Amino acid sequence: MNPPIVPRKIGLRFLLGEWAIGMWYPRLAVIEQRDLGAVASPQAPEAYEVLLSADAAGVLCHRIEPAHFDVGIGRYGRWLRYVRNLDVHYFIEIQQSWDAYFSKFTGKSRQNLRRSVKRFTERQQGGNGVELMTSPADMPRFHREALRISEQTYQHKLLKSGLPTDDAFVAHLDKLAREGRARGYLLHDGDHPVAYAWCSVSGDVLKYEVVGYLPESADLSPGTVLLYHITKDAHAIPNCKFLDFGPGEALYKSMFANCKVEYVDLYLFRMTASNVLLVGLHRSLSLANEGLGRLFEAVGMKSRIKRLIRAIS
């Protein structure tokens, strides 16, 4: 019999619109899918019980085939089952050349991307404005400059996400740099960084992990311009087979990715009063947010309200 999986704290954010009003960190045994793009069938309910240590609140099974479970709350054997949403994972399968990859874009997309990159490059005094930072000596400055950008983004102000600020993350950057796995990108407009991307190499995968740009530079499309150059860099990294955008929908992901897989993340909680209460609250807020989003979209106000919230944050 395999020993229990050591549980990890998994953050579940309670959102009211785009405001993070609270966090819950249940300790969960996490079951990952090792292969990028792979999805799995669920095990029988009782099979998960042997995976839990006494201090674990439940199990999180990543990337389960979506046909098995509906979105929402239910029972799975003796478990409280929670599926937050149908999710999608976008990634790029690296081609023989970047030109071959780029040729798969629609003609309109290629034209728009080239126009954005050209407009940004023409503002620079030679070069394309991209700085790639990979050495341990680079990491303190990369973190400092990227954090300055991140702190101006709505993700940092509203969602409490953005680039981590703690010493443990700085130590993590240094460790990956010493292992040759760190890739920090800064996009400069003149002398000023206006966008960043933190990526790391894991085996044959380049992970696109934390990104951001200065809101006042949005007219220059700095995030798109930087990602354009990162896709080129990914095709030049020896033995790199994938550029992984991670889970979730985003316009840039659907534009740049050439592969995607749909799945659900399956949360199985012990059937306790506190777990029932917190899972129910999380789901209720999600449904309320979805309902308000549909209402605002129906009356043509959704985009306007988003801009207002981000402006006052």
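What the table shows:
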read-out	value
Options Ala47, Gly22, Leu36, ranked by Cα towards positive dipole end of region 1-47, top entry (Cβ charges)	Gly22
Burial order of peptide ranges 245-254, 106-115 (average beta-carbon count within 10 Å, highest first)	245-254, 106-115
Cross-link pairs beyond the 20 Å C-alpha cut-off, checked among Lys207/Lys241; Lys108/Lys241; Lys9/Lys175; Lys207/Lys260; Lys175/Lys232; Lys175/Lys260	Lys108/Lys241; Lys9/Lys175; Lys175/Lys232; Lys175/Lys260
Counted charge near Tyr267, where neighbours are those whose Cβ lies closer than 10 Å (Asp, Glu -1; Lys, Arg +1)	+1
Antiparallel content of DSSP bridges confined to region 6-94, in %, to 5	70 percent
Portion, in percent, of the accessible area of region 218-291 that falls on carbon or sulfur, probe 1.4 Å	59 percent
Å² per residue, accessible surface of the chain at 1.4 Å	54 Å²
Angle in degrees between helix 107-121 and the longest Cα principal axis of the chain, rounded to the nearest 10	60 degrees
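The values are calculated or read from the model by the stated rules, or taken from the named source; none is laboratory data. Everything numeric in this text was worked out from a predicted model, so none of it was measured. Cβ coordinates were reconstructed from backbone atoms using ideal geometry, including for glycine residues, and neighbour counts include every protein chain displayed. Accessible surface areas use protein heavy atoms only, side chains included; no ligands, DNA or RNA. Shrake-Rupley method; radii C 1.70, N 1.55, O 1.52, S 1.80 Å.
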